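Student: This structure is in C-alpha cells; I'll ask about it shortly.
The values are calculated or read from the model by the stated rules, or taken from the named source; none is laboratory data. Just so you know, these numbers come straight off a predicted model, no measurement behind them. With ideal geometry, Cβ positions are generated from the backbone for all residues, glycine too; neighbour counts draw on all protein chains shown.
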Amino acid sequence: MKKFTYLSVSGIILIVVLLSVTIMSNRSSEKITAFNKSVALGNTKDYKAAVDALLKLYPENKNDYLFNLRLGWLYYNLGDYKTSVNYYNTAIELQKSSTEALMGAVLPLAALSQWNQIEQNYLKILKLNPTDYYANLRLGQIYLNRMDYTRAESHLEKVYKNYPGEYEPNLSLGWTYYYLGKRAEAKKCFTNVLMLSENDSLGVKGLNLVN
C-alpha cells in the first residue's frame, strides 16, 4: 500500500511538472510570436499595430527588458514621448548595465527638451563605458553650446583620440579649441573637416577665423 501511494504521488508530481513545462513552453512561444509580429509591423511603419501586438502580452511580460525597450522605441515613433520615456526607464531599471536603453531614451527626452535629463543619461553611460562614442560626442556638444568649453574639450578630445577621421568630432573640437584660444589645434581640426566634407560652411568659417 505504501509503495502504491509512493508511486501515485510520484506520478502526480511528474504530471504537474510536465504540465508546467508545457505551459511555460506555450507562453514562451506566444512571446516570441508576438515580438516577431511587432518587429514585422514596425518594419512597415505600422507602429500602432506593432504596439498592440506587444500590449496584449505585456501584463505577464512587464518585467521583460526587450518588451519595454521596444515599446519605448515604438511610442517614440508614434510621437507619444512621455510614454516612450516611461518604457525606456523601465528597461533601464530592469537592466542597469544597459547603455542602449539609456541612449534610446535620449530621443524622446530630446523631443521633450529635457536637456538636463539627457545630460544625466550620457553621464550614466560614461560610467558604464567611459569611451562611448556618442555619449562623449553629444555631451561635448552640449557643453560647447553652453559655452562650457573646458568640459566640452574633455569629452570631445576622447572622441577625437579614438575617431580622428570622423567629421563631427573634428568640427566640434575645432570650435571648442577656437573658443579656448587654441588656434593651431583649431586650424588642424577645421582643415580635417574640409578634407572630409568639401566646402563645409562651418569648416570654412572656422578656418577663416584661425588663418
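Student: Answer yes if at least one residue in segment 22-45 is closer than 30 Å to Arg146 by Cα and at pLDDT 95 or above, and no otherwise.
Tutor: For segment 22-45, residues closer than 30 Å to Arg146 by Cα and at pLDDT 95 or above: absent.
Student: I'm trying to understand the selection: among the residues of segment 57-80, which are exposed (fewer than 14 other Cβ atoms within 10 Å of the Cβ) and not in a helix (DSSP H, G or I)?
Tutor: Across segment 57-80, the qualifying residues are Lys62, Asn63, Gly79.
Student: Could you say whether any residue in segment 175-187 is within 25 Å of Ser113 (Cα to Cα), at pLDDT 95 or above and surrounded by 15 or more Cβ atoms within 10 Å (Cβ to Cβ)?
Tutor: Yes, because at least one residue in segment 175-187 is within 25 Å of Ser113 (Cα to Cα), at pLDDT 95 or above and surrounded by 15 or more Cβ atoms within 10 Å (Cβ to Cβ).
Student: Here's a follow-up. Test Tyr88 against the criterion of being in contact with a Gly (Cβ under 6 Å, 6 or more places away or on another chain), without any contact (Cβ under 8 Å) to a residue 40 or more places away in the chain and in a helix (DSSP H, G or I), and give yes or no.
Tutor: Yes, satisfied.
Let's see how each residue does on (1) buried (at least 17 other Cβ atoms within 10 Å of the Cβ); (2) β-branched (Val, Ile, Thr):
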{"site": "Ile92", "(1), (2)": "yes, yes"}
{"site": "Pro108", "(1), (2)": "yes, no"}
{"site": "Thr131", "(1), (2)": "no, yes"}
{"site": "Tyr134", "(1), (2)": "no, no"}
{"site": "Tyr149", "(1), (2)": "yes, no"}
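Student: Report the residue count in segment 43-59 for those that are without any contact (Cβ under 8 Å) to a residue 24 or more places away in the chain and of a type in the set (Gly, Ala, Ser).
Tutor: Number satisfying all stated conditions: 2.
Student: Another question, then. Residue under question is Glu166, and the condition is that it be among the acidic types (Asp, Glu) and surrounded by fewer than 18 Cβ atoms within 10 Å (Cβ to Cβ); does it hold?
Tutor: yes
Student: Pairs, please: C-beta under 6 Å, at least 6 apart or cross-chain, first residue assigned by TED's automatic domain parsing to the domain that holds Tyr163 and in segment 136-148, second in a helix (DSSP H, G or I)?
Tutor: none
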